[in-house]
1. Within region B:53-76, track down each residue that is of a type in the set (A, V, I, L, M), closer than 25 Å to B:GLU130 by Cβ and in a strand (DSSP E or B).
2. What's the number of the only condition in (1) free of Cβ contacts under 8 Å to residues at least 12 places away in the same chain; (2) outside any loop (DSSP other than H, G, I, E, B); (3) closer than 30 Å to A:GLN23 by Cβ that C:VAL109 fails to meet?
3. If a residue has to be surrounded by fewer than 17 Cβ atoms within 10 Å (Cβ to Cβ) and modelled with pLDDT of 95 or more to count, how many in region D:103-122 make the cut?
4. Being closer than 26 Å to B:THR113 by Cα, touching a Gly at 6+ places or on another chain (Cβ under 9 Å) and not hydrophobic (A, V, I, L, M, F, W, C) is the filter here; which residues of region C:24-56 pass it?
5. Is there a residue in region B:81-102 that is more than 20 Å from B:VAL132 (Cβ to Cβ) and either at pLDDT below 95 or within 10 Å of another protein chain (Cβ to nearest Cβ) (or both)?
6. Among the residues of region D:24-44, which ones are facing chain A (nearest Cβ under 9 Å), over 18 Å from D:ILE85 (Cα atoms) and buried (at least 24 other Cβ atoms within 10 Å of the Cβ)?
7. For A:ARG68, all conditions in the list (1) within 7 Å of another protein chain (Cβ to nearest Cβ); (2) touching a Phe, Trp or Tyr at 6+ places or on another chain (Cβ under 6 Å) hold save one; what is the number of the exception?
8. I'd like the full set of residues that are small (Gly, Ala, Ser), part of a strand (DSSP E or B) and farther than 25 Å from C:THR114 by Cα, limited to region B:77-106.
4 protein chains.
Amino acid sequence: MPSEERPWFDVPLRVRYAETDAQGVVYHANYLVYMEVARSSITRERGFPYQAMEAAGINLVVVDARLRFRAPAGYDDPLVVRVRIRSLRGKVVAFAYRIEHAETGRLLVTGETTHLCVDGSFRPRAIPDEVVRALGC
Amino acid sequence: MPSEERPWFDVPLRVRYAETDAQGVVYHANYLVYMEVARSSITRERGFPYQAMEAAGINLVVVDARLRFRAPAGYDDPLVVRVRIRSLRGKVVAFAYRIEHAETGRLLVTGETTHLCVDGSFRPRAIPDEVVRALGC
Amino acid sequence: MPSEERPWFDVPLRVRYAETDAQGVVYHANYLVYMEVARSSITRERGFPYQAMEAAGINLVVVDARLRFRAPAGYDDPLVVRVRIRSLRGKVVAFAYRIEHAETGRLLVTGETTHLCVDGSFRPRAIPDEVVRALGC
Amino acid sequence: MPSEERPWFDVPLRVRYAETDAQGVVYHANYLVYMEVARSSITRERGFPYQAMEAAGINLVVVDARLRFRAPAGYDDPLVVRVRIRSLRGKVVAFAYRIEHAETGRLLVTGETTHLCVDGSFRPRAIPDEVVRALGC
């Protein structure tokens, strides 16, 4: 199945005051946090929370991140973070994101993050089958 | 009505990975953020979101905060932030908080914050009646 | 020696854009971070960095924090965080803080934090002598 | 002058406890904050602080960011954030970064950010000459 056809997983959240900056909009680094919130939701919803992965000696460390900021969000704006697997092969999984204003549908940020699977000693390892399943691939 | 009898307003949230620290638990300053999330929810739910207050030239600036950390929370823990008005008089409103683990009910953090009402030029002003009503007093 | 006479330890820092909020000033929770930066500097300067304490199974967990916000700081403002031991007895150490604008000397925030000494398993323990010395008591 | 030849501008900083996460290392989003600290230092050092730019109706909003995480940093690690202009043309300026461990020289993170110049109403505008000069081009 080509990655284009994988369904988006949608996670709603609201902008916190703490996440805004003196320009009156969300400070850009916080979108990486929103993306992490969405990744956490995927695995939790699918029955294999990231917490359990870590307990099983499986860590997904971020090795690459790209963000494109298209429009700003402000305090208390309702957002939806859409996430899906972009690719998953061997030791590496990549996610794609679209962050939109939940009411207007306006596209605010797009991006992708790439993660390397490592064991408890931070040595690269193949992504276990149960993680592949938890990620819905 | 004595403040003891004001009802708690409960706001659920989940600990984000970004909010943990190298001790493996929520970094203590983030509890102030959780408290702000709860305050935002009160006014939004009651039809006078803080965003609208600011647009109307009403700002509630934090002048005092006290926190007591009783037990740690970890990544992805479901929390409930309980907030209620502790006192409201003239230009000053104080909130009390209890942050609990949503499943075990364990009490994690208690605290209170005090806020001064100021206008768009940061001059103290009486808390307007519509804010008093929005805060449920 | 009464705590009043303990000398302040001064740590300079500058407000980051990420630390401001939509009110155009430092978001209040960040002052707890500034206080932690100052505590880190004390022990590092005195030859027993907190990192080494943790490696030796000594953790100082925050159990109480009080902050009084007196005046706002803005982006890029040069600050000085003044910290000193307020009390140290048994398993508990308390620090006092004064955060000032470095150029005008204006007092912005005062506060104190109280810390419980715990071992690697989070069991309370007496503060070891070498920590007492590192803290300059 | 090709961008390869523009000199790096080096900004030292130390990892704060607040910036670590439960993996015991710097939470990845914080590297965007470190990069912003470095950009702030460039313009401040060159006599046209970003604060003054904003006062003059000049804002540089982040439109794109790319990060490659090569090795982790831990609490209290001394880092150096190296930044230089990658390109500057019309309304757009791009910066490149190398974040290294200050003592070992180990390369931790590389990245780049692209910024659009906008006026006080967030309309794109050419980067003024005084900003070009402040950025050392």
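1. Residues satisfying the conditions are B:LEU60, B:VAL61, B:VAL62, B:VAL63.
2. The number of the failed condition is (1).
3. Result for region D:103-122: 5.
4. If the condition is that a residue be closer than 26 Å to B:THR113 by Cα, touching a Gly at 6+ places or on another chain (Cβ under 9 Å) and not hydrophobic (A, V, I, L, M, F, W, C), then C:GLY24, C:TYR31 are the ones that fit.
5. Checking region B:81-102: not a single residue is more than 20 Å from B:VAL132 (Cβ to Cβ) and either at pLDDT below 95 or within 10 Å of another protein chain (Cβ to nearest Cβ) (or both).
6. Correct list: D:TYR27, D:HIS28, D:ALA29.
7. The failed condition is (2).
8. Passing the criteria: only B:SER87.
The values are calculated or read from the model by the stated rules, or taken from the named source; none is laboratory data. Only a predicted model underlies this, so the values are computations on that prediction, with no experimental measurement involved. Glycine also receives a Cβ, built like all others from the backbone with ideal geometry; neighbour counts cover every protein chain displayed.
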